[in-house]
1. Consider just the alpha-carbon atoms of segment A:102-217 and return their Rg together with their Dmax, both in angstrom.
2. Summing both sides, how much accessible area is buried between A and B? Use a 1.4 Å probe and give Å² to the nearest 100.
3. In chain B, what % of DSSP beta bridges are antiparallel (nearest 5)?
4. How long are the three semi-axes of the equivalent ellipsoid of segment A:318-383, in whole Å, if each is the root of 5 times an eigenvalue of the C-alpha gyration tensor, listed from largest down?
5. How well do other chains shield peptide B:121-131, expressed as the mean number of their Cβ atoms within 10 Å of each residue Cβ?
6. What does the convex hull of the alpha-carbon atoms of segment A:49-169 project to on average, in nm²?
7. Using only Cα atoms, what Kirkwood radius does segment A:1-59 have, in angstroms?
8. Tally Lys and Arg at +1 and Asp and Glu at -1 over the other residues with C-beta under 11 Å from the C-beta of A:V289: what net charge comes out?
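The values are calculated or read from the model by the stated rules, or taken from the named source; none is laboratory data. The structure displayed is predicted, hence computed values, not measured ones. Using ideal geometry, Cβ is built from the backbone for each residue, glycine included, and neighbour counts are taken over all protein chains shown. These area figures cover heavy atoms from the full protein model, side chains too; ligands, DNA and RNA do not enter into them. Shrake-Rupley method; radii C 1.70, N 1.55, O 1.52, S 1.80 Å.
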There are 2 protein chains.
Amino acid sequence: MSILIRNGYVIYGEDFEIVKADVLIEGNSIAEVRKGINESADTVIDASGRVVSPGFINLHTHSPMGLLRGLADDLPLMDWLQNHIWPREAKLTPEYIKVGAYLGALEMIKTGTTTFLDMYFHMDAVAEAVLDSGLRGYLSYGMIDLGDPEKTEKEIKEALREMKSIEKLNSERVQFVFGPHAPYTCSIALLKEVRRLASEHNRLITIHVSETMAEIGQITERYGKSPVVLLDDIGFLGSDVIIAHGVWLDSRDIQILARNGVTVAHNPGSNMKLASGVMPLQKLINAGVNVGLGTDGAASNNNLDMLEEMKLAALLHKVHNLDPTVADAKTVFKMATLNGARALGIKAGIIKEGYLADLAIIDFNQPHLRPINNVISHLVYSANGNDVETTIVDGKILMLDREVLTLDEEKILDDAEKIVGKIG
Amino acid sequence: MSILIRNGYVIYGEDFEIVKADVLIEGNSIAEVRKGINESADTVIDASGRVVSPGFINLHTHSPMGLLRGLADDLPLMDWLQNHIWPREAKLTPEYIKVGAYLGALEMIKTGTTTFLDMYFHMDAVAEAVLDSGLRGYLSYGMIDLGDPEKTEKEIKEALREMKSIEKLNSERVQFVFGPHAPYTCSIALLKEVRRLASEHNRLITIHVSETMAEIGQITERYGKSPVVLLDDIGFLGSDVIIAHGVWLDSRDIQILARNGVTVAHNPGSNMKLASGVMPLQKLINAGVNVGLGTDGAASNNNLDMLEEMKLAALLHKVHNLDPTVADAKTVFKMATLNGARALGIKAGIIKEGYLADLAIIDFNQPHLRPINNVISHLVYSANGNDVETTIVDGKILMLDREVLTLDEEKILDDAEKIVGKIG
């Protein structure tokens, strides 16, 4: 299988240089990028007036939560979780979660996301949706033991069961990740065992850390230290760990994250909507911490649009620091692409020969993206997910001219709508 | 001319109640809203799976600035203005501004804006574009005299010339508004004369007030009082005044605005991107001040998408106050619709019998807007401008199924692109 994308504005290489060029995809990777490629190809896409961008990497989400979109807004985090989200999640069967996963996959494909790091439950059901959709999914089962040793054992058993189930799919695109929920919901015993298992099975770990002030208070009271210091002290941290949120990090925390090569998945939309706070982006970047971008779940965002998320990230940090020069367009664009790929250890996130063919073609023939004065600026500040026209993952076209080829869009929307009465 | 919109989810009345109903438009106003209207109509629109929303009212923008979109980002306000925007604006001929106005009108129609309050120059050129487009435009010439009496006279003359030119168009849809730029760029003499003329000609006034901390410093140094106190002291304020931004308002300022019935046009995207600061939304609302919503120009946003702007408003104030209950979805939706109409004194901004037929039909048959758990939440938190399918102003269809009927989209995009080299 080969694809030739002609005449687009290509965002090329690590520096995101804009070049008018053709892109040749062979198999699952980018074979060539240059002007006037004359090879024949199985599929030829005319990208005139369009931008060929690395696909977006959503580094923290809960993909099936689209089912809960709009069911509870404008509420404090704990009220939201305890009285609205958790009671509804208790009603989610594997079957419902699969419907949510399909809805999430559809939304991601339609907005140019090519890879995502997920945390939810019944991830074997999610894995099937990911496999079908053509997306690249890193899937973690969110473990919560609340300090109960019986629950610890049960959670680890479930995680390993889901790992094996996902491994059986035998797809490079669908990977298991360990996902202890957070230091305030997991015991030290669970966290230590997860660390051991992740190293043994060569798997990544993702975990919510320092999302709210309340969490900091709780952990400090229980352990006499910050969540990050706690995780460092038990040997949990490493370059295979991706912490989500990292809103309330102090200078010592940031140094620890930098020293251990930990990635932080920033979720500006969710942090703003739940009023969790503003993460110290500039300090993290200055300390050399790898920072990626995520949407969080659609119940606290309320969408999975990485183009919108880039704008939120840029604007939030400018106003918070009263400095318009921070979180510039290129920095934020890199967070949404290359930094995510680095965190996951995949050769993706940029368009360059030899890299995975994970990309999005964005239609710039629209009034809000004209004149084409600055491609990266337009993607960060002017565009939104609906501007994505074509999405390619692993050298396969998932959406062409807004038509999703791998999934039955109408059926997924209908299925999602049918669940409303059952969990609302 | 009559239009019947069938089977949509209609956002009805002042309380934005969601009803499954039909909407009958006769002439330029809404004749009837109820289930099962059987009247015949010139045009019938099937709105199944769609939301019929009041059109959005952009209460502060500079519509031709799309031409400068992306030309200068991530810069401090004064560097941005003095070294990038003003030198380019100096090159803008009436002909170029008309191209920019067409681009802006196109963008607004495509994102469901039906009315806008504009400030720029060569507004007679802008007025032609507005007239053609079918939008409802309130157009002000931005006056700047920098304390030079000769310039004062010149600016007033130009404003009156543009007023007469716009009046000659003889269209209810295109109205002249007085637009002294700001207290720091206009003399007291100019402001007083504008106040007198506005009352004489029964015209609204719009002006930038308290946008940046630097402005507060400058005005306080020059006059020994805040910009709002200054304007109050010279008798400038009234219920016909719409101030843009209002970021740095203290409690006394807020009381003055409330007492005078002044409207504030909030521009969260621009205030965030230029790092101007966070306006005191809660305090203004609590004081009973009417607050509308605007995008500001596309050079500091960088689009004119009111759906995106609603999300920015909600999220900004939640995180700034560390309180997720503030700026809830309905409050923000009202800012973008009814509050804008109130400021302009038009019977619009809601869908109700007898109100102007200014509305947007939004396609909810999309993954990021499903399940339809909460229509207003989805519009504020999940939707974006591209979701708007049909835009109706004054009982006339400007866009149907994403096709703009009043303007030549391709020509406008081409014309805008051609200008790049000339002002870049």
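1. 14.7, 43
2. Details: alone 16250 and 16240 Å², together 27480 Å².
Protein heavy atoms only, the A-B interface buries about 5000 Å².
3. Of the beta bridges lying entirely in chain B, close to 45 percent run antiparallel.
4. Values: eigenvalues 112, 76, 12 Å².
For segment A:318-383, the ellipsoid semi-axes come out as 24, 19, 8 Å.
5. Partner-chain Cβ atoms within 10 Å, mean over residues of B:121-131: 0.
6. So the mean shadow area of the Cα hull is 9.3 nm².
7. On the way: mean 1/r = 0.0853 Å⁻¹.
In segment A:1-59 this quantity evaluates to 11.7 Å.
8. +1
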